[in-house]
Amino acid sequence: MATITRIDLANTLREYFGLTNADSYKMVDIIFDEIEQSLINGEDVKISGFGTFKILSKSPRLGRNPKTGTPAIISARRVASFRPSNEFRKIVSGK
């Protein structure tokens, strides 16, 4: 399984657009910072043809410790969620 890192994205931008290493790394950081700030501010981030990132609020719930089986309360929290677009789903499923 291949992992795509920020460096991989920066290298792709550098090769495709002929940017310097510094500029391509800065561009990747700006993009991720913008996504992060939008999510922190409670805004959804939609990337057309790819999908939507959202922050969901989860209520506290009863869970269990998988090692011991003892019940435990899982606290309320906010989590990031990704929902792929229909176009992206079709590409991934090979249709």
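The values are calculated or read from the model by the stated rules, or taken from the named source; none is laboratory data. These numbers come from a predicted model, not from an experiment. Please note: Cβ atoms are built from the backbone with ideal geometry, for glycine as well, and neighbour counts cover all protein chains shown. Note: areas computed on protein heavy atoms with side chains; ligands, DNA, RNA excluded. Shrake-Rupley method; radii C 1.70, N 1.55, O 1.52, S 1.80 Å.
Rg/Rh, computed from the Cα trace of the chain with Rh as the Kirkwood radius, has the value 1.12. Suppose R0 equals 25 Å. What FRET efficiency, 1/(1 + (r/R0)^6) with r the Cβ-Cβ distance, do residue 20 and residue 48 give to the nearest 0.05? Approximately 0.35, to the nearest 0.05. In a DSSP loop and with at most 16 other Cβ atoms within 10 Å, the chymotrypsin sites (Phe, Trp or Tyr not before Pro) in segment 1-62 are 50. In the full protein context, segment 40-95 carries 85 Å² of accessible surface per residue, based on a 1.4 Å probe and ignoring ligands, DNA and RNA.
Exposure check, 1.4 Å probe, all protein chains in place: residue 13 carries approximately 40 Å² of accessible surface.
Computed over the chain, the per-residue total of -39500 (n - 2.57) for DSSP H runs of n ≥ 4 gives a 222 nm mean residue ellipticity of -13500 deg cm²/dmol, rounded to 500. Restriction of the GluC sites (Glu not before Pro) in segment 1-87 to DSSP coil positions whose beta-carbon has at most 13 other beta-carbons within 10 angstrom yields 43. Extension gain for residue 80 to residue 56 (0.36 nm times residue separation, less C-alpha to C-alpha distance): 8.0 nm. If you average the alpha carbon positions of segment 3-46 and of segment 49-74, how far apart do those two centres end up, in angstrom? A separation of 29 Å, based on Cα centres.
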